[in-house]
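See structure below.
The values are calculated or read from the model by the stated rules, or taken from the named source; none is laboratory data. For clarity, every value in this text was computed on a predicted model and none was experimentally measured. Neighbour counts are summed over all protein chains in view; Cβ atoms, including those assigned to glycine, are modelled from backbone coordinates with ideal geometry.
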Amino acid sequence: MRERLQQGARAGSELDRRFPVALALYGVLAVLVWFTVGEGQVIVLGRPVELRLIPILVIGSFAFRTVLARQADRIRHGGEKGGSSTPESL
């Protein structure tokens, strides 16, 4: 049981190290999309939308999902470092 807890703590710290790298890569990918997708418009729900905004929205949703997964992992493993995970502290 103790070994599992130690492995879980190591996995949590590894995720904390990878998180900023993942967000930076999402940002780089978004910049690459912005400069490589041509200018154009698509009709979405009767309104013209810039074509390059569609992949940016998809990348943004992946980044949002990554943030949510990190928060869920922190909650599962006992809250944030240096803070309390009780609702009263929020």
Next item on the list: Could you list, in sequence order, all residues of the range 23-50 that are of a type outside the set (A, V, I, L, M, F, W, C) and under 18 Å from A63 (Cβ atoms)?
Entry: Y26, G27
Notebook entry, point to check: Taking V31, is it in a helix (DSSP H, G or I) and surrounded by fewer than 10 Cβ atoms within 10 Å (Cβ to Cβ)?
Noted result: no
Next item on the list: Kindly establish whether G82 is modelled with pLDDT under 85, loosely packed, with under 10 Cβ neighbours inside 10 Å and under 19 Å from R17 (Cβ atoms).
Entry: yes
Next item on the list: Say whether the condition of being surrounded by 10 or more Cβ atoms within 10 Å (Cβ to Cβ) and in contact (Cβ under 8 Å) with a residue 24 or more places away in the chain is met by at least one residue in the range 35-45.
Entry: no
